[in-house]
1. Using 26 Å as the Cα-Cα cut-off, could you pick out the over-long pairs in K96/K241; K82/K125; K82/K357?
2. I need the peptides 224-230, 51-57, 400-406, 154-160 ranked by packing, meaning the mean over residues of other C-beta atoms within 10 angstrom, with the highest value on top.
3. Given only helices, namely DSSP H runs of n ≥ 4 each adding -39500 (n - 2.57), what is the per-residue ellipticity at 222 nm of the chain, to the nearest 500 deg cm²/dmol?
4. Please check which bits of segment 342-366 a label hung off L334 would reach, taking the label as a point 7 Å along Cα-to-C-beta and the cut-off as backbone N under 12 Å.
5. Carbon-plus-sulfur fraction of the accessible area of segment 1-126, 1.4 Å probe, in percent?
6. Using a 7 Å offset from the Cα along the Cα-to-Cβ direction at both Y545 and K250, what is the distance between the two label points in nm, to one decimal?
7. So, in Å, what gap is there between the alpha-carbon centers of segment 507-525 and segment 1-20?
8. Run the paramagnetic zone check for E237: 7 angstrom along Cα to Cβ, then residues of segment 266-305 with backbone nitrogen under 15 Å.
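The values are calculated or read from the model by the stated rules, or taken from the named source; none is laboratory data. None of the values given here were measured: they were computed from a predicted structure. Neighbour counts run over all protein chains shown; Cβ positions are idealised from the backbone, glycine included. When the accessible area is computed, the model is the full protein with side chains, heavy atoms only, and any ligands, DNA or RNA have been set aside. Shrake-Rupley method; radii C 1.70, N 1.55, O 1.52, S 1.80 Å.
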Amino acid sequence: MDVQSAIVLDLSGEWHCESPDGKVSRRVTLPGSSCENGIGKKTELPLRYTRAAMRAPRERYEYIGPLHYSRKVVIPKEFKGKDVTLFLERVNIASKLWIDGVEVDRGVIGLSTPHVYRLTDRVTKDGKPLFKDLTGEHEIEIMVDNSDLINLGNMASGYSVDTQGYWNGIIGKMELRADEKDNVESVQVYPKKGGIEVRVVTLSDRHVPLEIKKATLSFEVILPSGKPLLRKTEEIELYSKRQRNRTFIKIKPEDTCLWDEFEPSLYELKVTLNSGGKESFKSVRFGLRDVYVKDRCFMLNGHPLSLRGTINCAQYPETGYPPTDEIIWARHFLKLRQFGMNHVRFHAWCPPEAAFKAADILGMYLLVEMPLWLNRDVTPMEFGDDSAHRLYFRDEALRISEAYGNHPSFMFFSNGNENLGDYALLETITTEMKAVDPRRLYTLTSNFDHPLSPAEDFMCAFEILHRKARIQFLHDEVAEGTFVNYDEMRETVPVPFTSFEVGQYCVYPDVDICEKYDKNMVPVNFDAAKKSMLRHGIYERLHDYIMASGNLAAKLYKEDIEAVLRTRGMGGFELLSLTDYTGQSTATVG
């Protein structure tokens, strides 16, 4: 969502933080994490090189459990008679809300999309609204719990000590929003042949059977050049509290600008609801693009598409949590473009809105995953072992689709990374999400061989239908010469496929990087490695070790990539990666 008619009250600033046991009671700054507010057990550098020390950098202060954040807020008179919501852009992992000590609705559990609480008529006591309106002074209390409440395990990049840590807090936008009682809640744009289908969800105060209210929906399309293209108005009836309205808007061939990595053209659509003379609107950006499969190839706007990709594992050593700033993401994607990349797979996590906005502008193709990595090689449980997985991950997938589905950069979806367990449930989630939102291509899980599901448009794995797609499994062939390719797999696999995390070649760790960890994360792993080198008298050879191991890794990376490029019509490659994966016992593979 780019622009809206809602009045916004920014809630960023100073809050009071308290733990249930009373051991924490202090002022903190939000948005932010418990770590950067100095809450939790302080991480000490290890004395010796141990398995535990080498796992990953750690938060400077680590806290697991619930924290209660509260403050007094004066809600302005402009909010009177409005539909009021609380918007929290990103929370790790669960939240609950109280207004003046009264709990509002059920709490929210979600890692990938904003936590939103509707306040109008929901602050109740004995089943009746406590306030005629919400203007004036109120105390807002938000509980955030970063415990593993639904058995996510500790491997998914969205919730793992290996990556961003288990930070507690709220990041991004924290706002109270007030819109008209009859308002535009959601706008979804579906590119179609000759135009766009628009699905608008409206909220209203209609809740009595057959109580119908006349209203209008207006649609205004702005060309990528900024020139207004057309305006369309439709009469509608508001008949229920929440309803979906559909319309089709024609776009002539001469006004059609397609979106891709070379010309990332973006349109704007403004949708206005006029009800009883009061207006509510939302404005969204979208791109005209058509991604599909033909003859076992990825196709984009009628042309074959080859992915040149890397992965993002949510490693942010300065903050310990992902950025919600569009400029930071733009710098990141521009750096990838300099290395020739056009694609990023978000490894077992979904990034914030800012990442999609930056990718839209720069023409990056994104594969998004849920915070899901469950198999018994790495976690005590497999996917589906906990009945909560069925409800949580189904809802998480649909929330991701609704929150970020308009972005043309959101081209691919996988339920998660290297999942084993309930493949029937993975297929159910994929089938349902695909039926709701056909704007992208889908696969059940990134990596691990399995029979192709009818719900899958592509596969991303190092082994597909019992054939290998990574030179690490083809040592003898690679030793003979630079001719390895995957032509046989290309002829037998009935869908497009990409090689999975190619380039898993560890380089000797640059332990001098310790000095750069000067904010929220502590490089306990690199420090332990450096102490071990000093004890063994080899630290002075650090540069030689890095260059020798790096030289070998670069040659192997080159062969891995070229094996894909030799395979005519292959979907592309995905590196592990352009950056080191500093978790999983310090996997310096970048």
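1. Beyond 26 Å between Cα atoms: K82/K357.
2. Ranking, from highest mean packing down: 154-160, 400-406, 51-57, 224-230.
3. The per-residue figure over the chain is -5500 deg cm²/dmol.
4. It comes to 362, nothing else.
5. Numbers: 3050 of 6300 Å².
Roughly 48 percent, rounded to a whole number.
6. Here the modelled spin labels are 7.0 nm apart.
7. Cα centres, segment 507-525 to segment 1-20: 34 Å.
8. The answer is none.
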